[in-house]
Every structure is written in C-alpha cells, then in structure tokens.
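K.L.:
Structure below; questions to follow.
The values are calculated or read from the model by the stated rules, or taken from the named source; none is laboratory data. Remember, predicted model here, so these are calculated numbers, not experimental data. Virtual Cβ from ideal backbone geometry, glycine too; neighbours counted across all protein chains shown. For accessibility, only protein heavy atoms count, side chains too; no ligands or nucleic acids. Shrake-Rupley method; radii C 1.70, N 1.55, O 1.52, S 1.80 Å.
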Amino acid sequence: MNLLSLSTRFVAAAAVATALSTSASAQIELTTNGDFETGDLTGWTQFETGPGQQSVTTSNPSAGTYAGNINNDVALSNSLWKQANIGIGQVAIGDKVTISFDARGSYAVPGGVAFAEFFQELSGGGTSGGGILGGAPLAISGDPEEWTTFTFDWTITGDVSGGVTLQLGATNGPAGGTNMFYDNVSVTVPEPASMALVGLGGLAMLARRRKA
Ligand SMILES: [Ca+2]
C-alpha cells in the first residue's frame, strides 16, 4: 500500500464518521435572532396595528440581555411578528419541526389573547397548511413577570417550497392592552438523513475505484 491510497482511506473513513455523527438527530436552527440578542428586531417581519407597539427590552428577559415585546394598545386588532419563510430548501415533507419559545405578559380584559401560529409556505405566496399551535391561546402565567416555556411539534404535510413561518402576536378584543414578551424563539428541523447516505455512497465509489 502506498502513501496515496493510505491517505485516501483515511479521508473516506473520516467522511463516514462525519456522516454518521450528523445523522444522529442533529437539529438545524432556522430562526434569525430568535433570542433578540442583536438588541433589535433583525429577522422579525413586523405587522403593527399602531406605532411603537413592537420593541426589544432589557426588562426581565428570559435569557441573555434582551427579550421581544409586543404591547398592543389598539382594540380589536392583532399586532404580530413573524419569522417568515424560513428554512427554504432545508425543510421538506415528512420533517418533524420543533417550535419552542418562552412567553410572559398579560391579556387585555375582556377578550385579549396571544396565539402562536405556524404555516407551510408556497413559493410565490399562499400556504399548504397551517394553524394555531396547541389549538388555543397561549396559557401564560397569571404573573406577568413569570416566563413559561412552550414547545410544539409540527410534521410537514405539504409543499414547503416557500419555507415555513412562525407567527407570534398580541391580540385584543374590545379592549386594548394585551402586552406580550417573547424570548428564546426556536424553530428546528433534523439534519437530513441523506447526508449519511451521500457519505456512504462516496465510500462505495472509492472502493469500486480501488478494485478497478
Ligand atoms: Ca434573550
């Protein structure tokens, strides 16, 4: 065995080791600035119903220095922000997406709520599915300073050529005043198992070449 074939073997073995390690349920994070630690709303697409409703705050973050705040002072409106069209080319039908975040705040009385909603996006607009995570308003603590962690699984059932969208908000009924804080927002998908197959396929090709 010459030095060249030895090094080829080493590279192939390293490739397989890498492929096997990444196939073991590693997760890809799809959000940008889900922890608000840029100190601004980079990564968040905003839909305010009045000026100045959405901001970052250093007051009682769940982690780090900053949390996001949606303080909706307009009755009968939904002040929302989104991690919009994330994961294009990284998320596929059959993937189990894990969505998690921390929330605290207070609901306007009467009729204030906050929802987390998730959408499967088509390229060019429209969706192939979506809905309210957990099917109900977020069950936040009665203490507006106490954080609650929410975690949801969503299995992709349709076309996600436009990626996926996570939408969080502060929604009012007849009275204004739903004031929501969010932090540690995360949307992850498993790394594709096909990466391991590519590694093994490459090894098979090398083996075939050595025999030739
Ligand atoms: Ca934070």
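K.L.:
Ranking request for peptides 134-140, 34-40: highest mean number of other beta-carbon atoms within 10 Å first, then the rest in descending order.
P.N.:
Result, highest mean first: 34-40, 134-140.
K.L.:
Kirkwood hydrodynamic radius, computed over distinct alpha-carbon pairs, for region 27-190: how many Å, to one decimal? Don't skip to the end; give the middle numbers.
P.N.:
On the way: mean 1/r = 0.0632 Å⁻¹.
Every distinct Cα pair counted, the radius reaches 15.8 Å.
K.L.:
Let me ask another. Compute, for I132, the solvent-accessible surface of its heavy atoms (probe 1.4 Å) with the complete set of protein chains present, and express it in square angstrom to the nearest 10.
P.N.:
70 Å²
K.L.:
Could you order peptides 161-173, 56-68, 74-86 by the average number of other Cβ atoms within 10 Å of their residues, highest first?
P.N.:
Peptide ranking by packing, descending: 161-173, 74-86, 56-68.
K.L.:
Follow-up question, since we're still on this one. Mind putting a number on the dipole of region 27-190 about its Cα centre? Charges go on the C-beta only, +1 for Lys and Arg and -1 for Asp and Glu, and I need it in Debye to the nearest 20.
P.N.:
Using only the charged Cβ atoms, the result is roughly 280 debye.
K.L.:
Also, I was wondering about something else. Given 0.36 nm per residue, what is the gain on full extension from T155 to S55 after removing their alpha carbon distance, in nm?
P.N.:
Roughly 32.9 nm would be gained on extension.
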